[in-house]
Amino acid sequence: MPRSAHRDRPLRVVQWATGNIGARSLRAVLDHSRMVLAGVRVHSPDKAGRDAGELCGSAPTGVTTTHRLDDVLALGADCVLYMPRAADLDELCALLASGANVVATTGGFHHPAGLDPAVRSRVEAACEQGGTSLHDTGSSPGFITEAVPLVLASVQRRLEHLSIHEYADLSQRNSPELLFDVMGFGRAPAAAFDEGRLAHVQGSFGPSLRLVADALGLPLDSVRARGRFATAARTTEIAAGVLRAGTVAAQRTTLTGLRGGRALLEFQATWYCARDLVPAWDLRPTGWHLTVDGDAPLDVDMRFPVPLERLAAVSPGYTAHRAVNAVHAVCAAAPGIRTTVDLPPFTAVFG
């Protein structure tokens, strides 16, 4: 079928994974006027065989969940919304080769030129075989690290520096395992920032910086990562438990994209569980702050106007909805790995 024909009928979409983001995406597909839910792939066999509506608080849909890849391949869907915790290359290539386009939120495909050549070749071969496209997106990385900076740069003719600062107040996040065990809040500060975490942040957000720089005709020479802690000035009760004085209460990771020996692009993530810190930090509410130093300087503040106790319930939509809104553009795109730069601007369709 010509790819332009996708615009003339509702698209048949599969939801892959039904965690916090996947469940929100599933509900968005069910409510979409130009999409039809073709299937749902769940991670756990315990979730298999259930009506899809049960997993997102919707009315019965008549679509039964499965945990088998072969069941998904047999559906002949137009697109798979691929949202597991991490991408599986075998799964992705099987989906693409079968004729299903893929919109993913797993990271790893934001900057094709930076991929391992063997991985890129394999994915592109699968796209060629299936006549399909793969697009990796989300709120961060994705929306705030690619779509928004490119729009802000569209009013510049000289760019000295562009920075993206992300803030997350986690004090009302009732997730003790995530905050204390995974992220390391509430521990004695280490002598150095965890190298594995720095590598993870660099791998997640560095490709976005490189993509933007390439699009602006200013390719980066390197991307450097650094991190630092601040500790709680006093013992504080947060939703996840007790944060003792002197333990890690805030973490800040900074990626700097360098060109010609100077900082051109920067992404900084500040996650905190308390505001009374040692040393004191300039903290903003949950959201994003962007600045552009050029011949049309800009200072943009984007806040999430949601009470902190409700943020965990609302925030998955920022990632899930962008992925759902990308489906039609991805299905209409030429086969291959398609980035924010490759796709035309897309938005939500409500009617």
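Numerical summary
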| item | result |
| --- | --- |
| Segment 103-130, residues that are touching a strand residue (DSSP E or B) at 6+ places or on another chain (Cβ under 9 Å) and farther than 30 Å from L298 by Cα | V103, A104, T106, L115, R120, V123, E124, A126, C127, E128, G130 |
| Residue list for segment 269-328, filter: part of a loop (DSSP other than H, G, I, E, B), of a type outside the set (S, T, Y) and within 21 Å of F143 (Cα to Cα) | R284, P285, P297, F304, P305, V306 |
| Test result for P112, closer than 20 Å to L211 by Cβ and open to solvent by less than 20 Å² (accessible area, probe 1.4 Å) | yes |
| Answer residue from segment 303-329, given it is surrounded by fewer than 16 Cβ atoms within 10 Å (Cβ to Cβ) and over 17 Å from the mean Cα position of the chain (by Cα) and is farthest from L152 (Cα to Cα) among those | E309 |
| Scope segment 330-351; condition in a loop (DSSP other than H, G, I, E, B), open to solvent by less than 60 Å² (accessible area, probe 1.4 Å) and not hydrophobic (A, V, I, L, M, F, W, C); matching residues | P335, R338, T339, T340 |
| Neighbours by Cβ (under 7 Å, 6+ apart or cross-chain): first from segment 207-233, within 17 Å of Q156 (Cα to Cα) and β-branched (V, I, T); second open to solvent by less than 20 Å² (accessible area, probe 1.4 Å) and not in a helix (DSSP H, G or I) | V212/L265 |
| Those residues of segment 44-84 which are touching a Pro at 6+ places or on another chain (Cβ under 7 Å) and assigned to a loop (DSSP other than H, G, I, E, B), in sequence order | H67 |
| Of residues in segment 32-75 being among the polar types (S, T, N, Q) and at pLDDT below 95, the one farthest from the chain's Cα centre (by Cα) | S58 |
| Subset of segment 196-217 (residues that are touching a Leu at 6+ places or on another chain (Cβ under 7 Å) and of a type outside the set (K, R)) | V201, Q202, F205, G206, L209, V212, A213, A215, L216 |
| Counted residues, segment 83-124 - those being in contact (Cβ under 8 Å) with a residue 12 or more places away in the chain and farther than 23 Å from S222 by Cβ | 25 |
| The lone exception for G246 - which of (1) within 27 Å of A87 (Cα to Cα); (2) part of a loop (DSSP other than H, G, I, E, B) it fails | (1) |
| Residue in segment 148-169 that is surrounded by 15 or more Cβ atoms within 10 Å (Cβ to Cβ), out of contact with any Phe, Trp or Tyr (no Cβ under 7 Å at 6 or more places or on another chain) and on the phi > 0 side of the Ramachandran plot present | no |
| The lone exception for E237 - which of (1) outside any loop (DSSP other than H, G, I, E, B); (2) open to solvent by less than 50 Å² (accessible area, probe 1.4 Å); (3) not small (G, A, S) it fails | (2) |
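The rows are residues; the columns are (1) within 24 Å of the chain's Cα centre (by Cα); (2) among the hydroxyl-bearing types (S, T, Y); (3) under 20 Å from P112 (Cα atoms).
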| residue | (1), (2), (3) |
| --- | --- |
| G206 | yes, no, yes |
| R210 | yes, no, yes |
| A215 | yes, no, yes |
| R228 | yes, no, no |
| L243 | no, no, no |
| G257 | yes, no, yes |
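The values are calculated or read from the model by the stated rules, or taken from the named source; none is laboratory data. None of these values were measured; they are calculated from a predicted model. Glycine also receives a Cβ, built like all others from the backbone with ideal geometry; neighbour counts cover every protein chain displayed. Side chains included, ligands, DNA and RNA excluded: accessible areas come from the protein's heavy atoms. Shrake-Rupley method; radii C 1.70, N 1.55, O 1.52, S 1.80 Å.
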